[in-house]
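Visitor: Handing you a structure now.
Quick note: the coordinates plus some simple rules give every number you see, no bench work behind them. Note that the structure is a prediction, hence the values are computed from the model and not measured. So basically every Cβ, Gly included, is an ideal-geometry build from the backbone, and we count neighbours across all protein chains shown.
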Amino acid sequence: MSVSASAPAGIAPVEKRVAAIEAALGERGFAAAEVADLAHKATEEWLPRNGARVIAHAWSDPAFRARLLANGRAAVMELGLTMPPHHRHLVVLENTPRVHNVICCTLCSCTAYTIIGLPPDWYKDLEYRARVVRQSRTVLREMGLDLPPEVEIRVWDTTADTRYMVLPEQPEHSIGWPEEKLAGLVTRDGMIGVARL
């Protein structure tokens, strides 16, 4: 694994931190090949394009959309996507003109990472995790999403076995587009709920 970045004073450089993590994994029985496999999955397979495909299919197929809202985990598996065993539930939250959903993890930075990708740095930040629950409208405004006062904001906090994904509203101008083109509209921020499409 090759990474390089300077670290603030008093914090070990990234290379040393990576080496320490690799050593700890090795002590716990993880082989270098397994670590390389995880790195490959994180950079090549667990990407927001997976969730974008799910959203585009839900916009295009009302029956799939209903199944996705009823049992997200089973529905994404219909598309050949997987989730780890400990992600027992995937709850898909549908945005409407009157309700806007946002996800967070107040304890750490959990997401449905195989579907929407690894969490961005701001999602892991303690300030976001704490404030989005108490000051959701302000946090969203600071992130560039200024919702009208009549829109209710619902914040959903992940649990040990439940992950969330937002189903954004489909932009009106995209109705009738093919799924591949629709998927190009979907962003990770939209699936987290800090942006509208």
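Visitor: Quick query: amide H of Glu94 versus all other amide H atoms, modeled in the peptide plane; which residues come in under 5 Å with a sequence gap of 5 or more or a different chain?
Guide: Answer set, sorted by chain and number: Leu167.
Visitor: Residues in the stretch 89-118, backbone N under 11 Å from the label point at Glu34 (7 Å along the Cα-to-beta-carbon vector): list them, ranges by number please.
Guide: none
Visitor: Shifting gears a bit: For Arg154, what residues show an amide H to amide H distance below 5 Å, using hydrogens built from the backbone and excluding near sequence neighbours?
Guide: Amide H to amide H, under 5 Å and 5 or more residues apart or across chains, Arg154 pairs with His100, Asn101, Val102.
Visitor: Taking Cα pairs under 8 Å and at least six residues apart, what relative contact order does the stretch 55-197 come out at, in percent? Present the calculation step by step, with values, prior to reporting the outcome.
Guide: Details: 220 pairs, mean separation 45.5, N = 143.
Over the stretch 55-197, the number comes to 32 percent.
Visitor: In a shell of Cβ-Cβ distance under 13 Å around Leu69, excluding Leu69 itself, what net charge do Lys and Arg (+1) and Asp and Glu (-1) give? Walk me through the intermediate numbers first.
Guide: Numbers: positive: Arg65, Arg67, Arg73; negative: Asp61, Glu94.
My count for the surroundings of Leu69 gives +1.
Visitor: Next question. At what distance in nm do the modelled label points of Thr159 and Thr96 sit from each other, each positioned 7 Å from its Cα along Cα→Cβ?
Guide: 2.4
Visitor: Grab the other residues whose beta carbon is less than 13 angstrom from that of Pro168, score K and R as +1, D and E as -1, and report the net. Walk me through the intermediate numbers first.
Guide: Numbers: positive: Arg65, Arg188, Arg196; negative: Glu94, Glu169, Glu172, Asp189.
Surrounding charge for Pro168 is -1.
Visitor: Using Cβ counts within 10 Å as a stand-in for footprinting exposure, how do Asp146, Asp189 rank, fewest first? Numbers along the way, then the final one.
Guide: Numbers: Asp146 9, Asp189 21.
With the fewest neighbours first, Asp146, Asp189 line up as Asp146, Asp189.
Visitor: Please find, in a Gaussian network model of the chain (springs between Cα atoms separated by less than 10 Å), the residue of Val102, Val155, Val186 whose mean-square fluctuation is greatest.
Guide: Val155
Visitor: Right, next: Between Asn71 and Ala12, what is the label-to-label distance in nm when each label sits 7 Å out along the Cα-to-Cβ direction?
Guide: Label at Asn71, label at Ala12, 4.5 nm between them.
Visitor: Starting at the first residue of the stretch 97-106, write each ³J(HN,Hα) from the Karplus equation 6.51 cos²θ - 1.76 cosθ + 1.60 with θ = phi - 60°, in whole Hz, x for Gly and Pro.
Guide: Per-residue couplings from phi come out as x, 9, 10, 10, 9, 9, 10, 7, 9, 6 Hz.
Visitor: Net charge near Val133, counting Lys/Arg +1 and Asp/Glu -1 over other residues with Cβ under 13 Å of its Cβ?
Guide: On the way: positive: Arg129, Arg131, Arg134, Arg137, Arg154; negative: Glu127, Asp157.
That sum, taken over residues with Cβ under 13 Å, equals +3.
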